[in-house]
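Structure, as structure tokens:
Here, each number is a calculation from the coordinates, and none is a lab measurement. These figures come from a predicted structure and were not determined experimentally. Using ideal geometry, Cβ is built from the backbone for each residue, glycine included, and neighbour counts are taken over all protein chains shown.
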Amino acid sequence: MNSVQNKTPASWLKIIFKIKHGLIFFEKIIAASSLLLLLVMAMIQIIARNFFEISFSEMDVISRHLILFIIFMGAALVSEQNRHIKIDILTPFLSIEQQEKLIRPLLLLCAFICAVFAWYSVGFWFDEWQYAPANERWSVYLALILPVGFFIMALHLFLLTITGFEHELVLKEKEKKASEQHSCSDLV
């Protein structure tokens, strides 16, 4: 019975890691294809304006939404590597052990905030849909990136809460940099 209990968490963890890796793969594909499509559309728009003196207003709308696709997927990918923008006011005053204890609760808080944003952006999207003129309804589908993007961020941060990330390496790099700074100042 003890061996069954030991295997169960490992199998759940494997499933969570598969979901996490699938999500990362999905984010990379969406971000890369959105960037490629954005570049192609920008080139088409430049050529059309400069050589044929025509413009496609729909491409501007699509480009604005593609930027949101890139931002949401990129934000999820950099948070996986712990390279997202952080405002660390208290971190220099905390020990490594205290920092390690705070990482998971803060990730869970961020996941909750993103889930709240996803919930309210669904309401925003429904308002957009309700009041959009018939000829602009197609662009409202692109605005689905707001609730979907926030949901993906919430899911991604929640999975990071469970699995963690390579925060030990990041903290060790900080220790190494701090020791190098002390050793350089000692030489002077």
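The table for this structure:
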{"read-out": "Highest average packing first - 144-157, 116-129, Cβ atoms within 10 Å", "value": "144-157, 116-129"}
{"read-out": "Candidates per chymotrypsin sites (Phe, Trp or Tyr not before Pro) in the stretch 16-55, loop by DSSP, up to 10 other Cβ within 10 Å", "value": "F52"}
{"read-out": "Relative packing of 55-67, 73-85, 38-50, which averages over residues the other C-beta atoms within 10 Å, highest first", "value": "73-85, 55-67, 38-50"}
{"read-out": "Stretchable slack from V61 to A48, in nm (0.36 nm times residue separation minus alpha-carbon distance)", "value": "3.1 nm"}
{"read-out": "Kirkwood-type radius of the stretch 34-122, with distances r between different C-alpha atoms, in Å", "value": "16.6 Å"}
